[in-house]
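Following: one structure in structure tokens, then a few remarks.
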Amino acid sequence: MQLKEHWERVYATKPSDAVSWYQAHQEQSLRLIGSAGISPSASIIDVGGGASTLVADLWGRGFSNLTVLDLSDVALSVSRARLGTVAASVQWITADVTTVVLPVHAYDVWHDRAVFHFLATAEERRAYVAAALRSVKPGGHVIVATFAEDGPTRCSGLPVHRYGAGDLHATFGSPFTLLSHEEEDHHTPSGGIQKFLYCFCRKAS
């Protein structure tokens with residue numbers, strides 16, 4: 001099964017608040033985005049943001065230049081429905097982040113919670129980093145959250161790649177300065193705990 005088909009099936013067969021990565025509010029992500037010191041008009045892209053609540057919470061906090069990219073049309077439709085009429089003010093992109101061509105220097109903040117750890121090959125990871133390098137503004141910020149070294153080895157039936165802060169930052173390389181890293185014990189809707197790692201970086205200016 002192709003990845004797009006996999007994720008369409010996941011979101012078509014499970015409520016968005018029942019998937020293991022669901023958070024009613026992505027508090028850690030919101031705090032890190034806030035620490036970037038950006039204005040309400042700053043451009044933010046949520047990679048793999050699909051059905052997550054982040055875009056709604058960012059809008060509620062006054063951010064108005066928002067883009068959500070996801071492989072799944074079904075997932076994006078969940079977010080659009082949640083936002084109602086506000087959805088028309090958000091840019092929605094249905095695409096694979098490793099192949100999509102995003103505009104150059106378009107985003108002040110690149111956010112990804114739980115996409116990068118699904119990239120199985122070095123080629124996919126290089127393509128992802130190239131996309132971020134191309135589309136994040138000089139001096140812009142990148143927030144990437146993956147499963148930590150003691151996190152799950154699989155998610156939604158797929159194998160994942162776990163990271164320590166050094167490994168994750170090394171994958172992105174010298175164009176990105178690691179500002180901070182932190183861990184999260186994510187409590188899943190089913191009552192389990194998943195260990196996440198967040199890396200907060202700044203692209204060279």
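The values are calculated or read from the model by the stated rules, or taken from the named source; none is laboratory data. All values reported here derive from a predicted model rather than from experimental measurement. Glycine gets a Cβ as well: all are built from the backbone with ideal geometry, and neighbour counts include every protein chain shown.
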For this session: Determine whether Thr188 is touching a residue at least 40 places away in the same chain (Cβ under 8 Å) and either surrounded by 14 or more Cβ atoms within 10 Å (Cβ to Cβ) or over 21 Å from Gln28 (Cα atoms) (or both).
Result: yes
Exercise. Can you tell me how many residues in the stretch 164-181 are surrounded by 15 or more Cβ atoms within 10 Å (Cβ to Cβ) and either closer than 16 Å to Gln28 by Cβ or free of Cβ contacts under 8 Å to residues at least 12 places away in the same chain (or both)?
Worked result: 4
Problem set entry | Any chance Tyr198 is outside any strand (DSSP E or B), at pLDDT 95 or above and under 15 Å from the mean Cα position of the chain (by Cα) | no
For this session: Six or more apart or on different chains, Cβ under 6 Å: which pairs go from a residue in the stretch 118-132 that's in contact (Cβ under 8 Å) with a residue 40 or more places away in the chain to one that's of a type in the set (Val, Ile, Thr) and in a helix (DSSP H, G or I)? Could you list them?
Result: Arg125/Thr171
Problem set entry | Subset of the stretch 55-75 (residues that are in contact with a helix residue (DSSP H, G or I) (Cβ under 9 Å, 6 or more places away or on another chain), surrounded by fewer than 22 Cβ atoms within 10 Å (Cβ to Cβ) and in a helix (DSSP H, G or I)) | Ala56, Asp57, Trp59, Asp73, Val74
For this session: Identify the residue in the stretch 1-21 that is over 23 Å from Gln91 (Cβ atoms) and assigned to a loop (DSSP other than H, G, I, E, B) and, among all such residues, is farthest from the chain's Cα centre (by Cα).
Result: Met1
Exercise. Can you name the residue in the stretch 76-105 that is part of a helix (DSSP H, G or I) and of a type in the set (D, E, K, R) and is also nearest to Trp7 (Cα to Cα) among such residues?
Worked result: Arg80
